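Reviewing the structure listed below.
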Amino acid sequence: MAAKEAAASVPSTPLLKDELDIVIPTIRNLDFLEMWRPFFQPYHLIIVQDGDPSKTINVPKGFDYELYNRNDINRILGPKANCISFKDSACRCFGYMVSKKKYIYTIDDDCFVAKDPSGKDINALEQHIKNLLSPSTPYFFNTLYDPYREGADFVRGYPFSLREGAPTAVSHGLWLNIPDYDAPTQLVKPRERNSRYVDAVLTIPKGTLFPMCGMNLAFDRQLIGPAMYFGLMGDGQPIGRYDDMWAGWCIKVICDHLGLGVKTGLPYIWHSKASNPFVNLKKEYKGIFWQEELIPFFQSASLPKDCTTVQKCYIELSKQVKEKLGKIDPYFTKLADAMVTWIEAWDELNSAGAQAPAPVANGTAKK
């Protein structure tokens with residue numbers, strides 16, 4: 001009995017411990033990590049500090065991390081730093097660029113550990129990893145949702161030729177408590193809370209777009225990383241709160257073209273803080289009108305056969321953005337140029353001979 005107890009007390013090696021970075025954008029001390037310690041502590045964190053770079057961000061002891069502020073972004077990217085948003089959580093995509101790992105999980109600092117219906121803490125990171133390591137089914141919908149999950153399979157009538165599935169590039173998690181609503185919906189439903197836990201993961205079908213939320217998101221950086229650009233948002237831009245959705249529309253078009261899958265559903269996190277709907281409305285105002293033209297654009301976007309890499313796909317998409325969306329507003333011409341700059345910076349930092357940027361902790365090189 002004692003031997004069994006001893007064996008049970010030995011922690012198993014966390015999944016993808018040396019192959020995954022956790023990226024966190026923030027403007028405040030990261031006390032929220034204490035709740036996540038049992039799940040996050042074995043992993044490496046990349047913290048992207050937004051706002052005033054002279055402010056010290058405190059990180060709880062015991063975490064392995066590097067922290068980058070705006071001065072570091074300017075130092076590392078030089079003139080290309082203008083493609084990284086300022087005073088907006090879109091700055092997180094800089095963390096995707098400097099990571100050297102195969103997988104990324106990104107989470108907001110107002111998100112906490114949720115509980116499943118039995119009262120057990122949800123290890124969101126573990127579920128995301130399971131999603132990414134199992135195939136997707138973008139070409140034919142399985143009515144039992146994820147057929148690769150234990151206790152499920154392909155239903156009668158599902159073509160055997162498609163049962164191998166497609167590689168999963170993105171795992172999109174959900175949220176309990178505060179829903180991810182736009183400002184008008186927040187204003188008319190200020191007290192609404194999401195308490196509905198749906199125990200399901202499904203593949204978003206090919207040809208179908210979705211509104212991607214960046215606060216509980218994981219992806220295979222090698223498969224789709226160069227397209228995970230959260231655009232130009234925040235300070236100096238006419239729009240905000242569309243950063244993750246822009247990236248989601250881009251990655252879905254590219255995943256469909258390259259034969260990659262996107263999953264949504266489990267895992268849930270607990271979203272603790274509702275942002276101010278009046279502030280949000282000011283940020284979203286133009287986007288609410290623009291999205292009625294953006295979505296048909298992405299629905300009809302087509303990439304040529306010679307776009308065989310994510311980078312080629314993204315550059316082609318940037319050309320179409322400039323040509324077709326530039327007519328809506330000069331902002332989209334500027335965004336298209338930033339998309340190209342982003343790819344150039346990504347390739348410079350991720351080429352075979354590129355040196356990794358010096359890690360920093362509160363602006364000081366780690367020893």
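Data overview
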item: Every residue from the range 60-97 that is over 18 Å from the mean Cα position of the chain (by Cα), charged (D, E, K, R) and closer than 20 Å to Ile22 by Cβ; result: Lys61, Asp64, Glu66, Asp72
item: Helices (runs of 4 or more DSSP H) within the range 238-321 that include 1 or more residues touching a Lys or Arg at 6+ places or on another chain (Cβ under 9 Å) and open to solvent by less than 10 Å² (accessible area, probe 1.4 Å); result: 243-258, 277-300
item: Cβ pairs under 7 Å, 6+ apart, first in the range 120-147 and of a type in the set (Asp, Glu), second open to solvent by 20 Å² or more (accessible area, probe 1.4 Å); result: Asp121/Lys115; Glu126/Leu15; Asp146/Ala152; Asp146/Leu202
item: Among residues of the range 51-75, those that are surrounded by 21 or more Cβ atoms within 10 Å (Cβ to Cβ) and either in a helix (DSSP H, G or I) or at pLDDT below 95 (or both), counted; result: 2
item: Subset of the range 173-185 that is outside any loop (DSSP other than H, G, I, E, B) and under 21 Å from Leu294 (Cα atoms) - its residue that is least open to solvent (accessible area, probe 1.4 Å); result: Ala183
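So that you can scan it fast, the table gives a plain yes or no per residue for (1) closer than 25 Å to Ser118 by Cα; (2) open to solvent by 30 Å² or more (accessible area, probe 1.4 Å):
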{"residue": "Asp153", "(1), (2)": "yes, yes"}
{"residue": "Leu162", "(1), (2)": "no, yes"}
{"residue": "Thr168", "(1), (2)": "no, no"}
{"residue": "Leu187", "(1), (2)": "no, yes"}
{"residue": "Glu192", "(1), (2)": "yes, yes"}
{"residue": "Asp199", "(1), (2)": "yes, yes"}
{"residue": "Thr203", "(1), (2)": "no, no"}
{"residue": "Leu217", "(1), (2)": "yes, no"}
{"residue": "Leu223", "(1), (2)": "no, yes"}
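The values are calculated or read from the model by the stated rules, or taken from the named source; none is laboratory data. Everything quoted here is computed from the prediction, not taken from an experiment. Positions of Cβ are backbone-derived with ideal geometry, glycine not excepted, and every protein chain shown enters the neighbour counts. All accessible areas refer to the heavy atoms of the entire protein, side chains included, with ligands and DNA or RNA removed. Shrake-Rupley method; radii C 1.70, N 1.55, O 1.52, S 1.80 Å.
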